[in-house]
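Participant: Structure in structure tokens, see below.
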Amino acid sequence: MKKILVLNGPNLNLLGTREPATYGYETLDDVERMCRETGTQLGLEVECRQSNHEGQLIDWLHQAGRDQAAGTLLGVVMNPGAYTHTSIALHDAIKGASVTLIELHISNVHARESFRHHSYISPAARGIIVGFGVQGYPLAIEALLRVSTPKA
């Protein structure tokens with residue numbers, strides 16, 4: 001069974017309690033359950049991880065690139081949180097690992113503060129899903145499957 005890795009960056013462990021008007025009331029556990037259920041429906045194994053530490057996310061991206069090259073991983077769905085707007089290192093890790101990645105944001109970052117309008121991740125991502133709340137996660141998983149599956 002092919003696998004997809006879902007990575008969540010800083011402060012996403014606070015889902016459900018942090019600014020619910022912006023991010024909703026679903027918790028990270030709810031999101032991870034939704035991701036695994038979506039994977040089951042699509043015949044995929046979904047592994048979810050969250051870290052508030054940039055270096056940990058980079059290490060996971062490097063391993064994802066190795067796993068994708070070995071044929072055991074389709075790619076990564078990633079909500080980089082605030083690192084979206086600050087981390088050249090995450091951009092470089094995605095490019096350096098040659099991992100297929102869908103960038104995901106719960107809120108519409110383009111309708112928020114101007115500092116959230118720029119993403120260092122987007123140029124390295126295969127695609128972006130923005131503004132659909134936590135329902136963006138199943139959309140991103142399905143999108144990753146579609147772009148990673150060879151056409152017959």
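Participant: Six or more apart or on different chains, Cβ atoms under 8 Å: show the pairs whose first residue is in segment 135-150 and over 12 Å from VAL76 (Cβ atoms) and whose second is outside any helix (DSSP H, G or I) and modelled with pLDDT under 95.
Facilitator: Within 8 Å, the pairs are GLY136/HIS105; GLY136/ILE106; GLY136/VAL130; LEU139/PHE132.
Participant: While we're looking at this one, here's another question. Which of the following residues is more than 19 Å from SER148 (Cβ to Cβ) and among the small types (Gly, Ala, Ser): GLY16, GLY75?
Facilitator: The conditions single out GLY16.
Participant: Kindly indicate whether any position in segment 40-60 is under 18 Å from ILE121 (Cβ atoms) and among the aliphatic types (A, V, I, L, M).
Facilitator: Yes, the conditions are met somewhere in segment 40-60.
Participant: Still on this structure: From the set of residues in segment 3-32 that are under 19 Å from LEU57 (Cβ atoms), free of Cβ contacts under 8 Å to residues at least 60 places away in the same chain and not aliphatic (A, V, I, L, M), which is surrounded by the fewest Cβ atoms within 10 Å (Cβ to Cβ)?
Facilitator: ARG18
Participant: Ok, one more. Picking from GLN68, GLN41, which residue would you name as being surrounded by fewer than 20 Cβ atoms within 10 Å (Cβ to Cβ) and either without any contact (Cβ under 8 Å) to a residue 60 or more places away in the chain or over 21 Å from ILE128 (Cβ atoms) (or both)?
Facilitator: The match here is GLN41.
Participant: If we keep just the residues of segment 80-101 that are under 10 Å from the mean Cα position of the chain (by Cα) and under 10 Å from ILE121 (Cβ atoms), which is surrounded by the fewest Cβ atoms within 10 Å (Cβ to Cβ)?
Facilitator: Going through the qualifying residues, I end up with PRO80.
Participant: It is to be established whether one or more residues within segment 27-45 are β-branched (Val, Ile, Thr) and touching a Phe, Trp or Tyr at 6+ places or on another chain (Cβ under 8 Å).
Facilitator: Yes, there is a match, as at least one residue in segment 27-45 is β-branched (Val, Ile, Thr) and touching a Phe, Trp or Tyr at 6+ places or on another chain (Cβ under 8 Å).
The values are calculated or read from the model by the stated rules, or taken from the named source; none is laboratory data. None of the values given here were measured: they were computed from a predicted structure. No Cβ is skipped: glycine too gets one built from the backbone with ideal geometry, and neighbour counts run over all protein chains shown.
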